Amino acid sequence: MKKNIAIIGSGPSALILASKLNSKLFNITIYEQNFAAGRKFLVAGSGGFNLTHTEPITEFVSRYIPSSFFQNVIHSFSNTDLRSWLKQIGISTYTGSSKRVFPQKGIKPIDVLNAILNELTKNNVVLKTQHRWLGWNNNEELIFNTNLQQIAIKADIVVFALGGASWKKTGSDGVWSTLFKNKGIEIIPFQPSNCAVEVKWPKEIKAKMEGHFLKNISVKCIDKEKKGEIVITNFGLEGGAVYALAHQIREQLNNFNNVKICLDFKPNLKIQEIENKIENGRGNKSWSKHLEDELKITKTQLLLLKNYCTKEEFINPKILATKIKNLEIPVSSMASIDEAISTIGGVSLTEINESFQLKKLTNNYVIGEMLNWDAPTGGYLLQACFSMGHNLAVELNSKYRS
């Protein structure tokens, strides 16, 4: 007899799980609180749809925290496997200059979602929208609010894929965490990840810099360094090079309440090379014009250097060269959870076994951003969710086939 499997949530981990479960073994139903599936999936795609990354698998896995948790998960369904699966369902991809993977030109996020939903239809998956999960009743049945009434659902297997706590407008609000706490399941407090950081800019330069980009630079925090570009905002700094350091910045703020990140405006030059260029004769040019000509320093970079150096430091070639390579910017805080691309926190990894099953709730599984893990943007977040969903499908198909 078929097992009834209830999947709560319809993000990428839930969708691929439902598409790969054996419908000869399971009656598969997805319960989604919104009017349609994959809302956060679509929002994430609106700013550039990084499906995964082409980085070699060993380096790929190292991007995750904790990487040990993802070792088998990613290897079992890798970035290459994901691209192959997407191609099978009609979504061709290409590798951008950043080595990130995108849908081919002309394929929109909604097209990718529809292709996946089409796989669900082929697999006889039932999708029930406007079903908000409220917890369990005294009979351990799932309680949902739908059409202004509560209903109870009995399932043989339950998979929770409710997301983290960022972007509440998509339904990812983390409210479920209280329900799990009440079951004695350890919940790690949510914190923002992949988000802007606050810098209390000097008033005299804030308006002049807002909206300006710092390109081809390197950003460092503690022992982690990332090349790329960032943008200066009224709040502080944001962009891929900052997002990649979210873990280090957050840890420092948690432990010491303050942190400094270091900007390297010339990551391809050594300090001595910069010093030599500064010491070249400048003739009748101003000091700032001289720096622009010799080092291609931008006006925004000059403005930062002038405001984070003393006058004596700014005109001293040796000290200025050091500052160009290592300009310390104090960070006050991270953006709010709701402004973050992703969150850490949620169900502690110690609460599940190697098959994503909750140790305290038999036949109940947790996948996706509900779990406490971290990864940078650039395809790593989506890849992890797809990989978890795929791996659980393989596990359940194997377990109930015998």
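The values are calculated or read from the model by the stated rules, or taken from the named source; none is laboratory data. These figures come from a predicted structure and were not determined experimentally. All Cβ positions, glycine included, derive from the backbone under ideal geometry; neighbour counts span all protein chains shown.
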Output for the stretch 184-211, where each listed residue is of a type in the set (D, E, K, R) and either touching a Gly at 6+ places or on another chain (Cβ under 9 Å) or within 30 Å of Leu305 (Cα to Cα) (or both): Glu198, Lys200, Lys203, Glu204, Lys206, Lys208, Glu210
Long-range neighbours under 9 Å by Cβ, at least six apart or interchain, first residue outside the structural domain of Gly368 (by TED's automatic domain parsing) and part of a strand (DSSP E or B) within the stretch 325-349, second hydroxyl-bearing (Ser, Thr, Tyr) and surrounded by fewer than 20 Cβ atoms within 10 Å (Cβ to Cβ): Leu327/Tyr308; Glu328/Tyr308; Ile329/Tyr308
Hey, Gly184 out of contact with any strand residue (DSSP E or B) (no Cβ under 9 Å at 6 or more places or on another chain), of a type in the set (Gly, Ala, Ser) and either in a loop (DSSP other than H, G, I, E, B) or not assigned by TED's automatic domain parsing to the domain that holds Val259 (or both) or not: yes
Residues within the stretch 83-95 that are in contact with a strand residue (DSSP E or B) (Cβ under 8 Å, 6 or more places away or on another chain) and either of a type in the set (A, V, I, L, M) or surrounded by fewer than 13 Cβ atoms within 10 Å (Cβ to Cβ) (or both), tallied: 5
Of residues in the stretch 238-274 being among the basic types (Lys, Arg) and outside any loop (DSSP other than H, G, I, E, B), the one surrounded by the fewest Cβ atoms within 10 Å (Cβ to Cβ): Lys260
Some residue of the stretch 377-388 being over 30 Å from Trp201 (Cβ atoms), of a type in the set (S, T, N, Q) and in contact with a Ser or Thr (Cβ under 6 Å, 6 or more places away or on another chain): yes
Single residue of Ala165, Ala161 found to be crowded, with 19+ Cβ neighbours inside 10 Å, at pLDDT below 95, under 19 Å from the mean Cα position of the chain (by Cα) and not aromatic (Phe, Trp, Tyr): Ala165
Qualifying residues in the stretch 49-73 (those that are under 13 Å from the mean Cα position of the chain (by Cα) and assigned to a loop (DSSP other than H, G, I, E, B)) - the one modelled with the lowest pLDDT: Phe49
Any hit, the stretch 99-109, residues being in contact (Cβ under 8 Å) with a residue 12 or more places away in the chain and in a helix (DSSP H, G or I): yes
Unmet requirement for Lys40, which otherwise passes all of (1) crowded, with 16+ Cβ neighbours inside 10 Å; (2) more than 16 Å from the chain's Cα centre (by Cα); (3) assigned to a helix (DSSP H, G or I): (2)
Pairs, first assigned by TED's automatic domain parsing to the domain that holds Thr322 in the stretch 290-308, second of a type in the set (Ser, Thr, Tyr) and in a helix (DSSP H, G or I), C-beta under 6 Å, six or more apart: Leu302/Ser288
